[in-house]
2 protein chains.
Amino acid sequence: MAVTMNDVARAAGVSLKTVSNVLNDYEFIRPATKQRVQDAIAELGYEANLTARSLRSGKTSMLGLVFSDLSAPYYAELASRLMKAASRHGYRVLVEQSGADASVELSALHGTFRQLTDGLLFTPLVVDADAIAARAGTKPLVMLGEHIIDPRFDLVTMKNEEAAAALTTHLLQAGRRRIAVIGANAGESTGTAGLRMNGYRKALEQAGVPFDAGLVAPAQWRRDTGAAAVAGLMASGVQFDAVFGLNDVLALGAMHELLIRGVNVPGDVAVAGFDDIDEARFASPSLTTISPGMDEIAERSISLLLDRIGGRETSGQGVHVESGFELKIRESAP
Amino acid sequence: MAVTMNDVARAAGVSLKTVSNVLNDYEFIRPATKQRVQDAIAELGYEANLTARSLRSGKTSMLGLVFSDLSAPYYAELASRLMKAASRHGYRVLVEQSGADASVELSALHGTFRQLTDGLLFTPLVVDADAIAARAGTKPLVMLGEHIIDPRFDLVTMKNEEAAAALTTHLLQAGRRRIAVIGANAGESTGTAGLRMNGYRKALEQAGVPFDAGLVAPAQWRRDTGAAAVAGLMASGVQFDAVFGLNDVLALGAMHELLIRGVNVPGDVAVAGFDDIDEARFASPSLTTISPGMDEIAERSISLLLDRIGGRETSGQGVHVESGFELKIRESAP
DNA sequence: CTGAAAGCGCTTACAG
DNA sequence: CTGAAAGCGCTTACAG
């Protein structure tokens, strides 16, 4: 068996409570006592049993993170940063992939996964606010992303609409007039895709360029679907001089398809994305995109969640945090 | 408070043990009793407390996964698959990023992280076999990758040497004679880089092409360092007609640098990588690489670890599993 | 087939 | 400042 607090107490000649006091940095311990306990801990190689501590205290020092798929670069890069930020505060992150499946998203809100964590960072893709509110329980919950923007929930997001407008304006200023959009969800005006579409439309409007629904191609947010969407557009004879992928992998897939078909990028068609994943910088041509400030998002998400857990944030309403963004102009759309 | 087993027992009019029996699929329960318990569980919305179960049973139903950085595409794609495979067996995966830091790698072997998990999938990058053996403890441990190949440890890996040789031979057969290698570790002949280098050298030898140390550029395995390595090679006037990146992100970074400098790929210089991350297929030009069979690696890693945990694998020696590979010939090196 | 009891390793009022 | 005791919610021999 592993060394327990009891063993330490015996070795140091003190009671269990005193060992616990030392472990939990209780203030009023005689220095000599503290030293004896610490010596015993070092000598025996004692390591606290987190499971026992959790059972008793109800705290696990773990945070839950739910999104659709860890193999998507944006989520992988975000998860990596979230873990590092959490680690600086003594927390681990337990990841759950929902696969954009409603039942998985809902079950992440309770049951084992919820028990195992002190708070949840949640990027729902399909369930709605009411369903979440009905099952969210009492532990802190912070929404990541923009599927749900609701005063009942804390939320960390970025200026999607503004950023998409800035990107579109950049394309317009470069003389592009027929900007295809890939990755839209038909008729949606909320959610990440919807907000970015709003930005696109506002920029067009401001420039006096009419919106053409024929330029909008729905697609799941992957490389292969981005490529297929461009292929579909070309097959149906739609003319365009730019492609705005609603995220980077869509744009990268689209660019691949264009290049394969001998279309010059950016000569014939400019391509732009959204997310600024590491790959965007090293694509050929490198990808013009929006950097959402992932470091800031990670840092502030963890801070907000830990403030809720620690009771330092007590607002009854949801707190909404919005990170800044930066337009990264690269070769694919100078 | 949450609903406990006690509440269920009371509602069903049975003892705690009977509820536990139902929960753990104990065989000999009277159907009527079982039904009553299940009804009570459903009615009360009871959910087992995993922490309490863990404390008592010593099992956590979590697996540990340690590698350097989740934002590296290979690790992200592998982690995603490992989680899915683990999930099919009722396990979760807790990820720890070591940042290739020796002290983090070592501390993942014991302490909280180890307690929290029933077994460990470990990709060490810097610590050696003896250091691991000294601290590995008694819980199952499966090595992933080839930094350590030691009969004391279970290991899941792939035919690195053979695959690198096959790739090099492909380049040679296409007429390339000066194949630069990016990502080597000076003088190393074990570990992933070392094994792939061995394969490269064997293929050269077999083709009667002399090895030229001037063509070997050390680099960490990232895009930016791959780009910098190629830039360094060109700056020092080394001539080459192909680049073998020891993994895909190195190759992709290298390709980016070549294209920026107006080098035609594959016309002037062929480029090949290793890993077959999703991005390789959609790069422009698409990347010739080795597919290590990530699905197979994920599936077999989880199987082996769970067999150890369940006591179904009892070999005293380490079990070594080697997955197959496939050469993916694409545009960057036809 | 089912029940009563002990105990996993901690934390936390409650005393002193 | 420190100790003795209860208890978090389970599982597991041990009886019967």
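Going through A:48, A:76 one at a time, which residue ends up being away from DNA strand D (no atom under 16 Å from the Cβ) and either of a type outside the set (Val, Ile, Thr) or within 20 Å of residue A:114 (Cα to Cα) (or both)?
Going through A:48, A:76 in turn, just one is away from DNA strand D (no atom under 16 Å from the Cβ) and either of a type outside the set (Val, Ile, Thr) or within 20 Å of residue A:114 (Cα to Cα) (or both): A:76.
Touching a residue at least 12 places away in the same chain (Cβ under 8 Å) and either buried (at least 21 other Cβ atoms within 10 Å of the Cβ) or not assigned by TED's automatic domain parsing to the domain that holds residue A:281 (or both): does that describe residue A:127?
The answer is yes for residue A:127.
Might you let me know whether the range A:138-159 holds any residue that is within 13 Å of chain B (Cβ to nearest Cβ) and over 18 Å from the mean Cα position of the chain (by Cα)?
yes
What number goes with the only condition from (1) more than 30 Å from residue B:276 (Cα to Cα); (2) more than 11 Å from every other protein chain (Cβ to nearest Cβ) that residue B:88 does not pass?
Here residue B:88 clears every test but (1).
Given the options B:27, B:105, B:47, name the one that is more than 18 Å from the chain's Cα centre (by Cα), more than 16 Å from DNA strand C (Cβ to nearest atom) and not small (Gly, Ala, Ser).
The match here is B:47.
Could you pull out the residue among B:96, B:105 that is of a type in the set (Asp, Glu), open to solvent by less than 10 Å² (accessible area, probe 1.4 Å) and in the same structural domain as residue B:300 (by TED's automatic domain parsing)?
Just one listed residue meets the conditions, B:105.
Collect the residues in the range B:50-82 that are more than 16 Å from DNA strand C (Cβ to nearest atom) and more than 29 Å from the chain's Cα centre (by Cα), keeping them in residue-number order.
Of everything in the range B:50-82, nothing turns out to be more than 16 Å from DNA strand C (Cβ to nearest atom) and more than 29 Å from the chain's Cα centre (by Cα).
Quick one: in the range B:134-164, which of the residues that are part of a helix (DSSP H, G or I) and without any contact (Cβ under 8 Å) to a residue 40 or more places away in the chain is most open to solvent (accessible area, probe 1.4 Å)?
Only one residue tops the list, namely B:135.
Considering (1) within 7 Å of DNA strand D (Cβ to nearest atom); (2) touching an Asp or Glu at 6+ places or on another chain (Cβ under 7 Å), say which one residue A:16 fails and leave the rest.
For residue A:16, the failing item is (2).
Can you find a residue in the range B:1-9 that is within 14 Å of chain A (Cβ to nearest Cβ), within 11 Å of DNA strand C (Cβ to nearest atom) and either among the hydrophobic types (A, V, I, L, M, F, W, C) or more than 21 Å from residue A:112 (Cα to Cα) (or both)?
Yes - at least one qualifying residue is present in the range B:1-9.
Taking into account only those residues within the range B:103-119 that are part of a loop (DSSP other than H, G, I, E, B) and without any contact (Cβ under 8 Å) to a residue 60 or more places away in the chain, which is nearest to residue A:59 (Cα to Cα)?
B:116
Okay, residues lined up against (1) touching a helix residue (DSSP H, G or I) at 6+ places or on another chain (Cβ under 6 Å); (2) more than 9 Å from chain A (Cβ to nearest Cβ); (3) loosely packed, with under 15 Cβ neighbours inside 10 Å:
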| position | (1), (2), (3) |
| --- | --- |
| B:19 | yes, yes, no |
| B:24 | no, yes, yes |
| B:35 | no, yes, yes |
| B:42 | no, yes, yes |
| B:46 | yes, yes, no |
| B:54 | yes, no, no |
| B:57 | no, yes, yes |
| B:67 | yes, yes, no |
| B:71 | yes, no, no |
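Mind listing whichever residues of the range A:182-231 are closer than 16 Å to residue A:162 by Cα and open to solvent by less than 10 Å² (accessible area, probe 1.4 Å)?
A:191, A:193, A:194, A:199, A:200, A:203, A:204, listed by residue number.
Identify all residues within the range A:10-24 that are touching a residue at least 24 places away in the same chain (Cβ under 8 Å) and more than 8 Å from DNA strand C (Cβ to nearest atom); write none if there are none.
Those that are touching a residue at least 24 places away in the same chain (Cβ under 8 Å) and more than 8 Å from DNA strand C (Cβ to nearest atom): A:11, A:12.
Residue under question is residue B:230, and the condition is that it be under 13 Å from residue B:182 (Cα atoms) and touching a His at 6+ places or on another chain (Cβ under 9 Å); does it hold?
Answer is yes for this residue.
The values are calculated or read from the model by the stated rules, or taken from the named source; none is laboratory data. Because the structure is a prediction, the values reported are computed rather than measured. Cβ sites come from the backbone with ideal geometry, for glycine too, and all protein chains shown count toward neighbours. Keep in mind that these areas ignore ligands, DNA and RNA; they rest on the heavy atoms of the full protein, side chains included. Shrake-Rupley method; radii C 1.70, N 1.55, O 1.52, S 1.80 Å.
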